[in-house]
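Reviewing the structure listed below.
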Amino acid sequence: MRRRVIYFILMNQTFKRAFLLLQFFLVLALLIAASNWENDSSLIFSETLVKDDVQFVKAESESERPRVVFLVIQTRKSPGWCRMLLSSLLSEVSVVSIGFGKRYNHAKRPLWILDYIDNEGLRDEDVVVAFDGGDAFITGSFQIKQAVDRFLEATAPTAAVFNVTAVHRGEAKAPLLFSSESLCFAPLMKILISSGPQKRARKCVWYYSKVWEAVNASADQGMVPFTSAKGLFLNAGGMVGRVWAIREALKAYKKVLGLTDQWWCDQSIWALLYVWSLTRTTNVSLDFRIPYGILNLDYHHNFFQIPYGEVVAHPAVIHLPGGQRTWAALMPELMNHTTWFSKLKSSPQMTRDGLTQLSNLFVKLVTCDGETRFRRFGALCSPRKVIDPDWLLSPLRK
C-alpha cells in the first residue's frame, strides 16, 4: 500500500510539482534561517571572540590589513583578570592570556611576548597591544577601533619605510609606544646609574630630565610634547607596537637584562632604554640603545591611561596599578567612561538573557609550555559575579 501511494505521488504531475515546490520552499527557509542566525550571532559572538586576533576594519583581502593582537601576561586566574575579560568580551575584542602556569616575572614578560610573536608567525607589519591583565579593563569597542586605526595610519609598517625625520618632527608616530603616567617609577635604575640623587623618585625624575634637555635643544622636534619635569613617564603596563619595532627594541632590552640577575622590574629597564634612545647618548654602547624614533610614549592616552588625578581622556584601556583599594573611590567615575558598564546597570533583563551566551564564549590561553587552549568564560570566571555592578566597582585582587 505504501509503495502504491509513493508511486502515485511520483507519477502524478500535479502532486509532483507540489512536492518539488514544497522542497524548494523548505530549502529557501533553511537558507534564510541560517543567514539570520549568522547575522544575529555576529552581534553576540563577534568573530573577534573566536579568532586569534582582531581586525576591526574589513579588508577585501586579509593580507591587505595587518593583524592586531591583544595580549595580557597572566599566570593564574584572578578577580581582576575576570573583570578585564568581561570588558573585552563586551567590547568584542579578543584578548589572549599568555604565561598561564608560569611563575610571574616582570623582567622576563617582554620575552614571553616575543615567544608568542614567534610562535604565531606574526609579520613585521602586524601590531601587538599588550597590557597588564589583572588591574586594567577595556573601555569599549569604539575606543579600541579609534586607537588602532590612528596607530596603523601614523606608524611605519616595516623598517624599510620607517622615516625617523617624520617621527622627530611629529609628522608620524614611533612604531613602539608605552603607556605614560605622571609618577616616575624606576626603582632599579640605580643598578646602572650611580650618579645623581640617591633616592629612587628623585633619581628617576633627574634622569628623565635628560630627555627634556635633549628635546628642548631641537627647534623642530615634535616627538615629545612635554618638555619639562611636569611631563609624563614610561609605564611598562601598557605597550603597543609594530612587530618589527618590538623585535628591534627587544635586542637592546635583552642586552641590558643580561647584565645582571638583579633585575625584577622591566619598567626600570625600559625607562633606561627610553632615555638612552631619545637623548642619543654617546656614552652608552649602540648595542644597548634602541634606534632613535622607534620608541616613545602614548602621551595623549589614545591607548592607555593611568588616571592619577587626571581628567580621563577616553583611552582604550584604563590601567589601575598599585593597591586596588586606592582606586575604590574613583571606580564609579572610571566605569562610567566605559560603553558597557551602564548597560549592565540599566538593563537587568538583558543581563540575565545574555548570561548563558556570555558563559559560553571562548577565551584563548597560552600555557607555560606554549600550548594553546580555548576555555569557556563561564569555566574560568563566575558569570553571575562579573555582571554584578557592585562587584565590578569593588577592589579586586590582581
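The values are calculated or read from the model by the stated rules, or taken from the named source; none is laboratory data. Keep in mind that this is a model prediction, so the values were computed, not measured. With ideal geometry, Cβ positions are generated from the backbone for all residues, glycine too; neighbour counts draw on all protein chains shown.
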Next on the checklist: Which pairs turn up if I take residues in the stretch 65-81 that are assigned by TED's automatic domain parsing to the domain that holds ARG325 and look for partners that are of a type in the set (Gly, Ala, Ser) and assigned to a strand (DSSP E or B) with beta carbon separation below 6 Å, at least 6 apart in sequence or on another chain?
Outcome noted: LEU71/ALA130; VAL72/SER97; ILE73/GLY99; GLN74/SER97; THR75/GLY99
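For every residue, the table says whether it meets (1) of a type in the set (Phe, Trp, Tyr); (2) outside the structural domain of ILE318 (by TED's automatic domain parsing); (3) in contact (Cβ under 8 Å) with a residue 12 or more places away in the chain.
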site: LYS173; (1), (2), (3): no, no, yes
site: PHE185; (1), (2), (3): yes, no, yes
site: SER194; (1), (2), (3): no, no, no
site: SER209; (1), (2), (3): no, no, yes
site: GLY222; (1), (2), (3): no, no, yes
site: ALA245; (1), (2), (3): no, no, yes
site: ALA252; (1), (2), (3): no, no, yes
site: VAL256; (1), (2), (3): no, no, yes
site: ASP261; (1), (2), (3): no, no, no
Item to check | Where GLY121 falls short, out of the listed (1) over 17 Å from the mean Cα position of the chain (by Cα); (2) touching a residue at least 60 places away in the same chain (Cβ under 8 Å); (3) surrounded by fewer than 16 Cβ atoms within 10 Å (Cβ to Cβ) | outcome: (2)
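Select from the stretch 158-171 the residues that are under 18 Å from ASP298 (Cα atoms) and in contact (Cβ under 8 Å) with a residue 60 or more places away in the chain and list them in ascending order.
To start, the set of residues in the stretch 158-171 that are under 18 Å from ASP298 (Cα atoms) comprises 164, 166-171.
Within the stretch 158-171, VAL164, VAL167, HIS168 meet the criteria.
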Checklist entry - Filter the stretch 259-291 for residues that are in contact with a Lys or Arg (Cβ under 9 Å, 6 or more places away or on another chain) and of a type in the set (Asp, Glu); which is farthest from GLU181 (Cα to Cα)? => result ASP287
Checklist entry - Out of (1) exposed (fewer than 15 other Cβ atoms within 10 Å of the Cβ); (2) among the polar types (S, T, N, Q); (3) more than 22 Å from ALA107 (Cβ to Cβ); (4) out of contact with any Leu (no Cβ under 9 Å at 6 or more places or on another chain), what's the single condition that is false for SER194? => result (3)
Checklist outcome for this item: Of the residues in the stretch 109-145, those that are assigned to a helix (DSSP H, G or I) and among the polar types (S, T, N, Q) come to ASN119, SER141, GLN143
